[in-house]
Number of protein chains: 2
Amino acid sequence: MPTIYHYPLCPFSRSVRLMAGEYGIAFDWVEEKAWDRREEFLHLNPAGTLPVLVTDAGAAICGNTTIFEYIEEAGLVPGISSSLMPADPVARADTRRVIAWFDRKFDDEVTRNLLTEKVDRRFTSHEHGGGPPNGAAVRAGLANIRYHLRYIGFLAARANWLSSDAITYADLCAAAHLSCIDFLGDVPWAEDEGAKAWYARIKSRPSFRPLLSDQVRGITPPGHYADLDF
Amino acid sequence: MPTIYHYPLCPFSRSVRLMAGEYGIAFDWVEEKAWDRREEFLHLNPAGTLPVLVTDAGAAICGNTTIFEYIEEAGLVPGISSSLMPADPVARADTRRVIAWFDRKFDDEVTRNLLTEKVDRRFTSHEHGGGPPNGAAVRAGLANIRYHLRYIGFLAARANWLSSDAITYADLCAAAHLSCIDFLGDVPWAEDEGAKAWYARIKSRPSFRPLLSDQVRGITPPGHYADLDF
């Protein structure tokens with residue numbers, strides 16, 4: 001069975017866990033603390049980032065979107081599932097655009113300012129940049145998330161899901177980031193009803209359940225985190 | 001004919017220009033200054049980033065890797081060309097991993113510290129973060145580029161090109177970033193002979209010629225920038 005190295009509060013890992021749940025594909029899941037920079041892990045992925053899928057033949061597939069494309073191209077998607085990637089080239093491009101919005105823009109403007117500051121820096125050695133959260137970064141993240149919620153509301157009003165009438169990888173990536181920030185209690189859900197309704201729908205899917213029971217040493221999520229009627 | 005919005009010193013635009021040259025695909029090229037945040041451009045790509053391909057039917061394909069996948073999937077690659085994307089799923093995953101190394105890691109650690117500080121900030125309004133370069137960022141970029149050159153040397157010693165025996169999108173993305181930094185005169189080529197030899201090979205390809213004659217107001221590239229025997 002292929003192995004996936006992941007971390008519970010890593011949004012890139014979470015989007016791959018959601019994919020596995022949606023498709024019903026079984027993997028061996030191994031928790032990796034990327035900030036430890038473990039030598040064997042760096043051999044698998046010199047960039048030192050999560051997630052990494054290791055095939056039965058020992059090949060390392062690095063990064064969430066690379067894993068998605070691999071799963072689609074290597075024929076690992078069970079025939080019964082509807083695909084998380086649309087068939088039409090222009091629709092695929094829009095799915096990839098929305099993925100990049102969250103994995104790059106939201107990550108830069110929100111996730112790094114909140115999650116990296118509040119979680120990763122706590123566990124990282126001083127030598128590698130660990131320490132208390134940077135207050136200015138946290139304030140920027142809290143300000144930036146508001147317009148991202150409005151953009152989610154806009155996208156969810158355009159079609160049933162963020163990039164299509166069916167759920168796609170774009171929804172998984174967006175929900176993965178949001179769920180990590182929600183674990184910290186930093187999502188102002190009241191700001192946008194459309195975004196909240198979209199999140200309630202994806203949160204109630206069976207693929208989401210494992211994320212709602214994640215535990216991280218030293219961080220207690222707010223009461224609404226695992227509540228489907230938040 | 002499809003249109004591509006690009007900027008001469010944008011590494012993401014440059015990798016698409018190299019793709020067009022390698023495949024011999026004709027586009028209408030329109031220069032866009034992303035920092036102006038032109039309203040019509042934001043309608044095409046709400047993220048406000050380059051490059052954007054607009055199809056003859058008016059669909060916007062946003063981002064360099066999304067454009068690459070679109071070109072491959074929409075059947076726009078001329079039959080005579082050898083592909084810039086390997087056929088085997090594991091080899092494709094390695095090409096995508098190396099692309100992400102440059103488009104994300106190199107971009108974070110080098111390009112943003114040097115190019116964004118020295119060029120974008122000069123042209124950006126004060127309100128949107130313009131101003132003189134941040135000296136600490138520039139010093140970090142100059143320090144970080146050295147280990148990236150060693151990594152290029154390592155990859156180029158592993159196969160003929162960075163992710164395969166044939167040239168792939170990974171080489172185009174890496175060369176696109178390096179060429180922007182080289183325009184500023186900030187690549188210490190003497191640090192790694194293997195990286196330099198790889199760059200000399202890609203720089204001498206016909207697809208690279210348009211990049212070597214780029215001109216940017218107020219910035220003069222060093223004498224070796226356009227020299228194939230640098």
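Figures for the structure shown
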| read-out | value |
| --- | --- |
| At 7 Å out from Cα toward Cβ: A:Thr55 inter-copy label distances (nm, ascending) | 3.0 |
| Heavy-atom accessible surface that A and B bury in contact, both chains counted, 1.4 Å, Å² to 100 | 2100 |
| The protein assembly as shown - charge dipole about Cα centre, Lys and Arg +1 at Cβ, Asp and Glu -1, debye rounded to 20 | 780 |
| Pseudo-label separations to other copies for A:Gly194 - Cα-to-Cβ vector, 7 Å, nm | 5.1 |
| Residue-normalised accessible area of the protein assembly as shown, expressed per residue, 1.4 Å probe, Å² | 42 |
| Filter on A:Lys118/B:Lys196; A:Lys105/A:Lys196; A:Lys203/B:Lys33; B:Lys33/B:Lys105 - keep pairs with C-alpha separation over 30 Å | A:Lys118/B:Lys196; A:Lys203/B:Lys33 |
| B:Ile219 paired with A:Leu76, simple spin-label distance in nm, labels 7 Å along Cα-to-beta-carbon | 4.0 |
| Cα-based shape type of region B:90-153, given that a ≥ b ≥ c are square roots of the gyration tensor eigenvalues and the cut on a/c is 1.5 | oblate |
| Dipole magnitude of region A:106-230, debye to nearest 20 (Cβ charges: Lys/Arg +1, Asp/Glu -1, about Cα centre) | 100 |
| ³J(HN,Hα), Karplus 6.51/-1.76/1.60, whole Hz, each residue of region B:85-94, x for Gly, Pro | 10, x, 8, 6, x, 5, 5, 4, 4, 5 |
| Debye, to nearest 20: dipole size of chain B, +1 on Lys, Arg Cβ, -1 on Asp, Glu Cβ | 500 |
| Under 5 Å, built H, 5+ apart or other chain: amide partners of B:Trp29 | B:Ile4 |
| Threshold 40 Å² - residues in region A:49-71 whose accessible area is reduced by that much or more when the chain is no longer isolated, probe 1.4 Å | A:Thr66, A:Tyr70 |
| Cα-based Kirkwood hydrodynamic radius, region A:1-64, one decimal, Å | 11.7 |
| Share, in percent, of DSSP beta bridges within chain B that are antiparallel, nearest 5 | 65 |
| Shielded residues, region B:87-118 - accessible-area loss of 30 Å² or more between chain alone and all protein chains, probe 1.4 Å | B:Pro89, B:Val90, B:Ala93, B:Arg96, B:Arg97, B:Trp101, B:Arg104, B:Arg112 |
| For region B:1-121, diffusion coefficient by Stokes-Einstein and Kirkwood Rh (Cα), 4 °C, 1.567 mPa s, µm²/s | 85 |
| Phi to ³J(HN,Hα) by Karplus 6.51 cos²θ - 1.76 cosθ + 1.60 over region A:111-124, Hz, x for Gly, Pro | 4, 5, 6, 9, 5, 4, 5, 8, 10, 4, 5, 5, 9, 8 |
| Principal axis box of region A:89-211, alpha-carbon based, largest edge first, Å | 46, 32, 28 |
| DSSP bridge orientation in the protein assembly as shown - percent antiparallel, rounded to nearest 5 | 65 |
| Percentage of interatomic Cα-Cα distances in chain A larger than 21 Å | 55 |
| Normalised alpha carbon radius of gyration of the protein assembly as shown [divisor 2.2 N^0.38 Å] | 0.96 |
| Rounded Å value of the spacing that divides the Cα centres of region B:89-115 and region B:117-175 | 9 |
| Which of A:Ala137, A:Leu114, A:Ala100, positive extreme of dipole for region A:89-211 (C-beta unit charges) | A:Ala100 |
| Label point 7 Å beyond Cα along the C-beta direction, distances from A:Gly129 to other copies (nm, shortest first) | 1.6 |
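The values are calculated or read from the model by the stated rules, or taken from the named source; none is laboratory data. Note that this is a predicted model, so its numbers are computed, not measured. Methodologically, a virtual Cβ is constructed for each residue, glycine included, from the backbone with ideal geometry; neighbour enumeration extends over all protein chains shown. Accessible surface is based on the protein model in full, side chains and every heavy atom, while ligands, DNA and RNA are left aside. Shrake-Rupley method; radii C 1.70, N 1.55, O 1.52, S 1.80 Å.
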